[in-house]
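Enquirer: Structure provided below as structure tokens; questions to follow.
The values are calculated or read from the model by the stated rules, or taken from the named source; none is laboratory data. The model shown is predicted, which means the values in this text are computed figures rather than measured ones. For neighbour counting, all protein chains shown are included, and Cβ atoms are generated from backbone atoms with ideal geometry for every residue, glycine included. To get the accessible areas, we keep the full protein, side chains included, count just its heavy atoms, and leave off ligands, DNA and RNA. Shrake-Rupley method; radii C 1.70, N 1.55, O 1.52, S 1.80 Å.
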Amino acid sequence: MATYKLTLEYDGTAYAGWQRQPDHPTVQAALETALHRITQTDIPVIGAGRTDSGVHALGQVASFHSDRPMTPDEWTRALNALLPADISALSAEQVPDGFNARRWAQSKLYEYRILNRRARSALERQRAWHLWGGLQVEHMREGGALLTGRHDFRSFEGPQADTEKKVCDLRCLEIIQRGDIVSLRLEADRFLKQMVRAIVGTLVEVGQGKRLPHAMKTILEAKDRRAAGYTAPPHGLYLVKVNY
């Protein structure tokens, strides 16, 4: 029985997130359906991260086991022939037995994209958060710098989370402005539920002048979701890369 690692790209618009759910389309379900059509057996897949409804991926990683004699290139071609058009298998590789896409991950990199201009976009409407008012990006950078490092991030955790461990090592929080697009890139060893979106929403409030940059430190210390700001909508978020 061989173990395989898949790298996937997907547009999450039509899906209720990564994780299989009854009566809702999910990326995991689409992938497992394609694997069943290839092998005529039920093959469970494990994803590196459980992206939420509407969230996209440029480099989601999944692992599975199969005894079907296929090369990595054959797996990639077979999956892309059967997966929906909004999910693509970028690559497949055989990995050591015991590899687990979630447990073996050392860090994940997310990017959140904001379209900052007055006119709405016909092309970016499901790919970026449209904010027409001006943002003070330097203030956002100043506030974001206070979040890097190893902290208890429960002030930025979404509701109904079942994670007992609240401490994360936020290794990078970079804010890049290119024309009308403001991108926030966050890398950490782990993320709490909706943590990236809560951080983005709160930093946007800093950029809008509703909070001072140094308030981010106070929010962290509060360890209370009510201390932080708005949860940014999911359609601007991308899982960029999983590092092993």
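Enquirer: Among residues belonging to the range 173-192 that are in contact with a Ser or Thr (Cβ under 7 Å, 6 or more places away or on another chain) and assigned to a loop (DSSP other than H, G, I, E, B), point out the one that is least open to solvent (accessible area, probe 1.4 Å).
Expert: For the range 173-192, the residue satisfying everything is L192.
Enquirer: Now a separate question. Failed condition for G17, given (1) under 25 Å from E74 (Cα atoms); (2) buried (at least 18 other Cβ atoms within 10 Å of the Cβ), with all others met?
Expert: (1)
Enquirer: I would also like to ask the following. Looking only at residues that are open to solvent by less than 10 Å² (accessible area, probe 1.4 Å) and in contact (Cβ under 8 Å) with a residue 60 or more places away in the chain in the range 197-207, which one is farthest from A227 (Cα to Cα)? Outline the logic, then answer.
Expert: Looking only at the range 197-207, we keep the residues that are open to solvent by less than 10 Å² (accessible area, probe 1.4 Å), and these are 198-204, 206-207.
From what's left, in contact (Cβ under 8 Å) with a residue 60 or more places away in the chain: 200, 203-204, 206-207.
Working: V200: 14, L203: 13, V204: 15, V206: 13, G207: 17 Å.
Looking at the filtered set, the residue picked out is G207.
Enquirer: Does R113 fit the bill of being open to solvent by 70 Å² or more (accessible area, probe 1.4 Å) and not β-branched (V, I, T)? If you could, list the steps in order and put the result at the bottom.
Expert: Details: open to solvent by 70 Å² or more (accessible area, probe 1.4 Å): no; not β-branched (V, I, T): yes.
Criteria not met by R113.
Enquirer: Based on this model, can you work out whether A101 counts as part of a loop (DSSP other than H, G, I, E, B), modelled with pLDDT of 95 or more and either surrounded by fewer than 14 Cβ atoms within 10 Å (Cβ to Cβ) or of a type in the set (A, V, I, L, M) (or both)?
Expert: Yes; evaluated as a whole, the condition is true for this residue.
For (1) closer than 24 Å to W18 by Cα; (2) in contact with a helix residue (DSSP H, G or I) (Cβ under 7 Å, 6 or more places away or on another chain), each residue gets a yes or a no:
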{"site": "I181", "(1), (2)": "no, no"}
{"site": "L186", "(1), (2)": "yes, yes"}
{"site": "F191", "(1), (2)": "yes, no"}
{"site": "V196", "(1), (2)": "yes, no"}
{"site": "I199", "(1), (2)": "yes, yes"}
{"site": "T202", "(1), (2)": "no, yes"}
{"site": "R211", "(1), (2)": "no, yes"}
{"site": "M216", "(1), (2)": "no, yes"}
{"site": "L220", "(1), (2)": "no, yes"}
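Enquirer: Right, something else. Within the range 69-91, which residues are surrounded by fewer than 18 Cβ atoms within 10 Å (Cβ to Cβ) and either polar (S, T, N, Q) or modelled with pLDDT under 95 (or both)?
Expert: The answer is P69, T71, N80, S88, S91.
Enquirer: Something else: Is at least one residue of the range 107-120 without any contact (Cβ under 8 Å) to a residue 40 or more places away in the chain, basic (K, R), in contact with a His (Cβ under 6 Å, 6 or more places away or on another chain) and not in a strand (DSSP E or B)?
Expert: If we filter the range 107-120 for residues that are without any contact (Cβ under 8 Å) to a residue 40 or more places away in the chain, which is where we start, we get 118-120.
Subsequent filtering for residues that are basic (K, R) retains 118, 120.
Okay, now just the ones that are also in contact with a His (Cβ under 6 Å, 6 or more places away or on another chain), so 120.
Applying the additional criterion that residues be not in a strand (DSSP E or B) yields 120.
Yes, the range 107-120 has at least one match.
Enquirer: Another question, if that's okay. Go through the range 129-170 and report how many residues are open to solvent by 30 Å² or more (accessible area, probe 1.4 Å), within 22 Å of R113 (Cβ to Cβ) and either of a type in the set (S, T, Y) or touching a Lys or Arg at 6+ places or on another chain (Cβ under 6 Å) (or both).
Expert: 3
Enquirer: With the requirement that a residue be under 24 Å from the mean Cα position of the chain (by Cα) and either among the charged types (D, E, K, R) or closer than 18 Å to K166 by Cβ (or both), what does the range 218-232 give you?
Expert: From the range 218-232, those under 24 Å from the mean Cα position of the chain (by Cα) are 219-220, 223-232; that's our starting set.
Passing the criteria: I219, L220, K223, D224, R225, R226, A227, A228, T231.
Enquirer: Across the range 208-232, what is the total count of residues that are open to solvent by 20 Å² or more (accessible area, probe 1.4 Å), assigned to a loop (DSSP other than H, G, I, E, B) and more than 18 Å from Q136 (Cβ to Cβ)? Give the steps one after another, and end with the answer.
Expert: Taking the range 208-232 as the starting set, the residues that turn out to be open to solvent by 20 Å² or more (accessible area, probe 1.4 Å) are 208-212, 214-215, 217-218, 221-227, 230-231.
Retained after the next criterion (residues that are assigned to a loop (DSSP other than H, G, I, E, B)): 208-212, 214, 223-224, 230-231.
Filter once more, keeping what is more than 18 Å from Q136 (Cβ to Cβ): 223-224, 231.
The number of residues fulfilling the criteria is 3.
Enquirer: Give me the residue from the range 34-58 that is open to solvent by 60 Å² or more (accessible area, probe 1.4 Å) and in contact (Cβ under 8 Å) with a residue 40 or more places away in the chain and, out of that set, nearest to S88 (Cα to Cα).
Expert: Start the filter on the range 34-58 by keeping residues that are open to solvent by 60 Å² or more (accessible area, probe 1.4 Å), which leaves 36-37, 40-42, 44, 50, 53, 58.
Narrowing further to those that are in contact (Cβ under 8 Å) with a residue 40 or more places away in the chain: 37, 53, 58.
Working: R37: 16, S53: 18, L58: 10 Å.
Out of the qualifying residues, it is L58.
Enquirer: Also, quick follow-up: Among the residues of the range 142-156, are any among the charged types (D, E, K, R) and within 14 Å of A232 (Cβ to Cβ)? Even if it seems obvious, please write down each step before you answer.
Expert: Residues of the range 142-156 among the charged types (D, E, K, R): 142, 150, 152, 154.
Cutting the leftovers down to within 14 Å of A232 (Cβ to Cβ) gives us none.
Scanning the range 142-156, I find no residue that is among the charged types (D, E, K, R) and within 14 Å of A232 (Cβ to Cβ), so the answer is no.
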